[in-house]
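Every number in this text was worked out from the coordinates using simple rules, so none of it is lab data. What you see is a predicted model; the values in this text were computed from it and never measured. Neighbour counts run over all protein chains shown; Cβ positions are idealised from the backbone, glycine included.
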2 protein chains.
Amino acid sequence: MTYFISADDASRHDLFPGVGIQTATGEQLTLSCVEMEPGALVPWHSHPHEQLGVLLEGELTFWIGDEKRTLRPGDMWRIPGGVSHQAQAGDRPVRAIDVFHPVREDYR
Amino acid sequence: MTYFISADDASRHDLFPGVGIQTATGEQLTLSCVEMEPGALVPWHSHPHEQLGVLLEGELTFWIGDEKRTLRPGDMWRIPGGVSHQAQAGDRPVRAIDVFHPVREDYR
């Protein structure tokens, strides 16, 4: 495993319309840099992995379980494994970070 | 455990001169938003936790084991547990994300 992954060498995935990620995969962790176009939606889903994240730019409305919050840059979230969630970008492009344990094999 | 942590409620720590973090702690993960003043140094250290990260702003010189790299925004790193590393900011303020598994008890 190499220690450094340049931005050009990161793994890229298009998840949903207007939602793309660049990822780095470790032994027990996946780091995902998320970009969303204005209004783009990550629809309701769940996974066994724990997920933490932070909003870097834009405005993001996040639903986790039965809670809903509109987030601003610097706001963070934590989603236990198995808890359903969705997220929708506001009127401006969104940049965010998500991290998962264990590794998201589908994001390699 | 609450799902949302607003920027104002995040845990803050001053690690070294000119190096501050805001963190969120999950069950198996710690997410750390790092700010470094120009020239600030995180000196050589190691920990049993796996660490992944990404540079958001500025220029960061990173030493991991016997490798050295000067990073630009979007570049990422992954540090297996127990591998020594240090990092120094360039001429501009640095913003970066670090994530750890398991939880960094000292960053709660």
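Above 15 angstrom, tally the Cα pairs of the stretch A:59-108 and express them as a % of all pairs, no decimals.
51
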Looking at the calculated P(r) for chain A, what percent of the C-alpha pair distances fall above 23 Å?
22
On a C-alpha basis, how far is the centre of the stretch A:56-89 from the centre of the stretch B:89-105 in Å? Whole number, if you could?
22
Connecting every pair of Cα atoms under 10 Å apart in chain A and solving the GNM, the largest mean-square fluctuation among A:GLU35, A:GLU67, A:GLU59 falls on A:GLU67
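State to the nearest 20 debye the size of the charge dipole of the stretch B:11-108 about its Cα centre, where the only charges are +1 on K and R beta carbons and -1 on D and E beta carbons. Write down the numbers at each step before the final one.
Values: 9 positive and 14 negative charges, 17 e Å.
Computed charge dipole of the stretch B:11-108: roughly 80 debye.
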Could you compute the FRET efficiency for B:ASP14 and A:GLU27, with r as their C-beta to C-beta distance and R0 at 30 Å, rounded to 0.05?
0.50
State, to one decimal in nm and shortest first, how far the label point of B:VAL83 sits from each corresponding label point in the other identical copies (label point: 7 angstrom along Cα-to-Cβ).
3.1
Residue-by-residue Karplus 3J(HN,Hα) for the stretch B:53-62, coefficients 6.51, -1.76, 1.60, Hz, glycine and proline x:
x, 9, 7, 9, 9, x, 10, 9, 9, 10
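Summarise the long-distance tail of P(r) for the protein assembly as shown by giving the % of C-alpha pairs beyond 31 Å.
Details: 3125 of 23220 pairs.
Pairs farther apart than 31 Å: 13 percent.
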For B:HIS45, place a label point 7 Å from Cα along the Cα-to-Cβ direction in every copy; what are the distances to the other copies, in nm, shortest first?
3.5
Other chains' Cβ within 10 Å of A:67-78 residues: what's the mean?
5
If amide hydrogens are placed 1.01 Å from N in the peptide plane, which non-local residues have theirs closer than 5 Å to the one on A:VAL83?
A:HIS47
Between A:SER46 and B:GLU105, with labels modelled 7 Å along Cα→Cβ, what's the label distance in nm to one decimal, could you check?
3.1
